[in-house]
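Read-outs throughout are calculated quantities, based only on the coordinates presented, and are distinct from any laboratory measurement. All values reported here derive from a predicted model rather than from experimental measurement. Cβ coordinates were reconstructed from backbone atoms using ideal geometry, including for glycine residues, and neighbour counts include every protein chain displayed.
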Amino acid sequence: MIADLLETGSIPVLERLVQFTGARHRLITNNIANLSTPYYRPQDLDPDSFQVAMGDAIAHRRRAGGGLALSDTHQLHFRSDGIDARPQSMDSNILFHDQNNRNLERIMQHLAENTLAHNAAIEFLKSEFDLLKTAIRERL
Amino acid sequence: MFGSLDISTSALVAQRTRMNVIAANMANMNSIEDADGNYSPFRRRIAVFASGDPSRGSDWGVHVSEILLDATPFRKVREAGSPYADAGGYVEYPNIDPTMEQINALEASRAYEANITAAEATKAMIQASLRLLA
């Protein structure tokens, strides 16, 4: 019964979002760490394809019921206990003389966006848990 | 998530090492004798970065893979009276250009700041996650 409480509604969606932002955060910090490493190519996960997979899974759950099942993308493989990420190099910027195609401003933008998305998901999760707590306590 | 802090820290260590190398270059801009007092102009050092962090056995992060000696020729200064002057009256000084070192120092300190920002973001995320428990 407890499992049903935790696997319906927005909790599994938020859980996947936290897993995704966690995996992406690791890549972004690695990109920042390697800002001046010769031959390094920054790697990233595409948030758009994650959102498409998430949107499809939510639409499917609405139609057919059951749990939230995300289908794998070429970068993201969804396991029951987390996301198996296969990041790709970004080729969005000119190559510098040290053979690194860093794009500092974009990387810092991604860092800020990803942190905000993560913290928002955590806040929503917290309010979900608070709701459950209120229901269990049976008093406001 | 804790791994992200390791990545940022490895970069902080690497950038600080690079800063040390730059400071040593600046300090020895005019050193023409080695520590034993022999004539041997200081050669410019270059910190070379490589991704991965062998000290933790990880593919993530960054480390200083080696500190190279700059092979460019020494700066020749005419000091005919110097005991170190060659046949033409020139003394060799270190191959260090202070402008170059300044720019590199600026880049290192900006990269250091970028990593501090990343570490702050990681801390904020961990803190938010830990608030779920309490």
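A DSSP coil position with no more than 16 other Cβ atoms inside 10 Å describes the following chymotrypsin sites (Phe, Trp or Tyr not before Pro) in the stretch A:35-140: A:Tyr39, A:Phe96.
Using the Cβ-Cβ distance between A:Gln88 and A:Glu113 with R0 set to 25 Å, the FRET efficiency works out to roughly 0.85. Between the helical axis of B:2-27 and the longest alpha-carbon principal axis of chain B there is an angle of about 20 degrees. Other protein chain C-beta atoms within 10 Å of residue C-beta, averaged over B:116-127: 5. Legend: helices of chain A (whole DSSP H runs) are marked when their alpha-carbon atoms reach 30 angstrom or more along the helix axis and their mean Kyte-Doolittle hydropathy is at least -1.0; marked are A:11-33, A:104-137. Cross-link partners for B:Lys123 among the lysines, with Cα-Cα distance under 19 Å and sequence neighbours closer than 8 places in the same chain left out: A:Lys126. Per residue of peptide A:20-32, the mean number of Cβ atoms on other chains within 10 Å of the residue Cβ is 6.
When restricted to Cα atoms, the stretch B:2-131 yields an Rg and a Dmax of 20.2, 74 Å, respectively. For the residues of A:110-120, the average number of beta carbons from a partner chain within 10 Å of their own beta carbon is 3. Binning the alpha carbon pair distances of the protein assembly as shown at 5 angstrom intervals from zero yields the distribution 1, 5, 10, 12, 13, 11, 9, 8, 7, 6, 4, 3, 3, 2, 2, 1, 1, 1, 0, 0, expressed in whole percent. Extension gain, B:Gln102 to B:Ala87: 0.36 nm times the residue separation minus the Cα-Cα distance gives 2.0 nm. Compared with the dominant Cα axis of chain B, that is its longest principal axis, helix B:98-131 is turned about 10°. Computed over the alpha carbons of the stretch A:2-131, Rg followed by Dmax gives 16.9, 57 Å.
Centre-to-centre separation between the Cα atoms of the stretch A:59-112 and those of the stretch B:52-112: 40 Å.
The stretch between B:Met29 and B:Glu79, if pulled fully straight at 0.36 nm per residue, gains 16.3 nm over its current Cα-Cα span. Around the amide H of B:Gly52, modelled in the peptide plane, lie the amide H atoms of B:Gly61, B:Val62, B:His63, all under 5 Å away and 5 or more residues distant in sequence or on another chain.
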